[in-house]
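Step one of this worksheet: look at the structure below.
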Amino acid sequence: MNEWKDVLDSRLKDITFSQQMKNKVLEECRQSRNAGQKNRHFYRRALVPITFFLVFCISITVAIKGLQSNEMAGEKVLLVPNIEYSQYDVTGDGETDIVKVKIKNIADNEESGEIQVFVNDKIVFEQKREWSPGWNVQLIKLANGKVFFDIESEIGGDSNCIHQLYSFEGGKLKSIYDFQKYYSEYAERYHVDVSNVSGNTLETAVIAQFYITGFMQFDMKLDYKGEKFEKISNTFTPNYKAMSMENKWTADKTTTVYKNVGSKKIAYTLKKGNAVKLNKIIYEKNKVYFQLENNKGENGYIASSKSAGYFNEARVSQ
């Protein structure tokens, strides 16, 4: 903040000088005009400082907007194994640190792997997994200057995923947000990708294979407030364009649809062969609900469960 204020003060001094120059030149022009002088070369010379003044005004506007934009920006960087990164303050002491990731196979079992995260040549995180694991590690820097580790581990593509956000505390990485928490209660698979950092907000793309609907895709935002990350909203809209499908779901069995989330009041009964729209996905008290709209425009809700076969369009991967 002080940096762009200093720039502003410097530019304002230049503007004051340029304004005085502009006034002086304009006064000379008036005097020359009143005296009947017709010196074209003088007017051409007068336009130079005036143009200079206008350029200063434009440059100040651009500089201020650019500095404000940088203050609001966030950043994420993929940590490539065995490469040192030294431009981030991950410990929060005001000094940049040296960060490095190492991934290796465990000697006695090539199908087992291990990851180690180093900060200033000290191990701050270790994880061992079997069955050919893979890891993805990102550094997340928010606009407020705080830096976090986004560590994801998968086995066999997208199964048995462990995905958490970590902060540096007490010489170690501490988990502060679990992307996978509760997912096993309502989805066979669940994958979250941090696609962008905007200010102090993480923008994520979610792919979930719900037991009821099969694969669904939607966007979710996490905001950092009060030393923790929280979902900005618990209601999400399916991204049917990314899913390459129409918002049309045909009931494969008779299903009771309720008036509200968690309600026992019946809105309508969905019979086998009936078509509905699935407009919203709602997270409520560690449960998942789906908002359905019938051909009469009536909205209702069904709760997720571990039972499959609700809709003909459900796409699943074993």
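The values are calculated or read from the model by the stated rules, or taken from the named source; none is laboratory data. All of these numbers come straight from a predicted model, not from anything done at the bench. Note that we place each Cβ from the backbone using ideal geometry, even for glycine, and neighbour counts take in every protein chain shown. All accessible areas refer to the heavy atoms of the entire protein, side chains included, with ligands and DNA or RNA removed. Shrake-Rupley method; radii C 1.70, N 1.55, O 1.52, S 1.80 Å.
Within the stretch 262-295, if we keep just the residues that are of a type in the set (K, R) and within 16 Å of E313 (Cβ to Cβ), the residue that is surrounded by the fewest Cβ atoms within 10 Å (Cβ to Cβ) turns out to be K272. Considering only residues that are among the charged types (D, E, K, R) and more than 9 Å from the chain's Cα centre (by Cα), which ones fall in the stretch 182-216? Listed by number, the residues that qualify are E185, E188, R189.
Yes or no: the stretch 104-116 includes at least one residue that is among the β-branched types (V, I, T), modelled with pLDDT of 95 or more, open to solvent by less than 30 Å² (accessible area, probe 1.4 Å) and in a strand (DSSP E or B).
Within the stretch 104-116 (the criterion being among the β-branched types (V, I, T), modelled with pLDDT of 95 or more, open to solvent by less than 30 Å² (accessible area, probe 1.4 Å) and in a strand (DSSP E or B)), the answer is yes, since at least one residue qualifies.
If I ask for residues that are surrounded by fewer than 20 Cβ atoms within 10 Å (Cβ to Cβ) and either in a strand (DSSP E or B) or among the acidic types (D, E) (or both), which ones from the stretch 168-188 would you list? Selection gives E169, K172, K174, S175, I176, Y177, D178, E185, E188. The residue of the stretch 129-149 that is modelled with the lowest pLDDT, among those that are among the charged types (D, E, K, R) and assigned to a strand (DSSP E or B), is R129. Close Cβ contacts (under 8 Å, 6 or more residues apart or on different chains) running from residues in the stretch 265-276 that are within 17 Å of A303 (Cα to Cα) to residues that are small (G, A, S) and open to solvent by less than 100 Å² (accessible area, probe 1.4 Å) comprise A267/G300; Y268/G300; L270/A251; K271/A251; V276/A251. Picking from residues in the stretch 87-98 that are in a strand (DSSP E or B) and within 22 Å of the chain's Cα centre (by Cα), the one that is surrounded by the fewest Cβ atoms within 10 Å (Cβ to Cβ) is Q87. Is it fair to say E246 is acidic (D, E) and over 25 Å from the mean Cα position of the chain (by Cα)? The answer is yes for E246. Filtered by the rule that a residue be in contact (Cβ under 8 Å) with a residue 60 or more places away in the chain and in a strand (DSSP E or B), the stretch 209-230 gives Q209, F210, G214, F215, M216, F218, Y224, F229. Inside the stretch 277-317, residues that are over 18 Å from T237 (Cβ atoms), among the aliphatic types (A, V, I, L, M) and free of Cβ contacts under 8 Å to residues at least 60 places away in the same chain make up a count of 1. The residue of the stretch 219-239 that is surrounded by the most Cβ atoms within 10 Å (Cβ to Cβ), among those that are of a type in the set (K, R) and farther than 16 Å from K287 by Cα, is K221. When each of E203, E246, E298 is tested for being open to solvent by 10 Å² or more (accessible area, probe 1.4 Å), closer than 30 Å to K146 by Cα and of a type in the set (D, E, K, R), the lone residue that passes is E203. Taking (1) surrounded by 14 or more Cβ atoms within 10 Å (Cβ to Cβ); (2) more than 30 Å from T91 (Cβ to Cβ); (3) among the hydrophobic types (A, V, I, L, M, F, W, C) in turn, V197 satisfies each apart from (2).
Right, E126: of a type in the set (D, E), assigned to a strand (DSSP E or B), surrounded by 15 or more Cβ atoms within 10 Å (Cβ to Cβ) and over 16 Å from the mean Cα position of the chain (by Cα) or not?
On the way: of a type in the set (D, E): yes; assigned to a strand (DSSP E or B): yes; surrounded by 15 or more Cβ atoms within 10 Å (Cβ to Cβ): no; over 16 Å from the mean Cα position of the chain (by Cα): yes.
Judged against the criteria, E126 is not a match.
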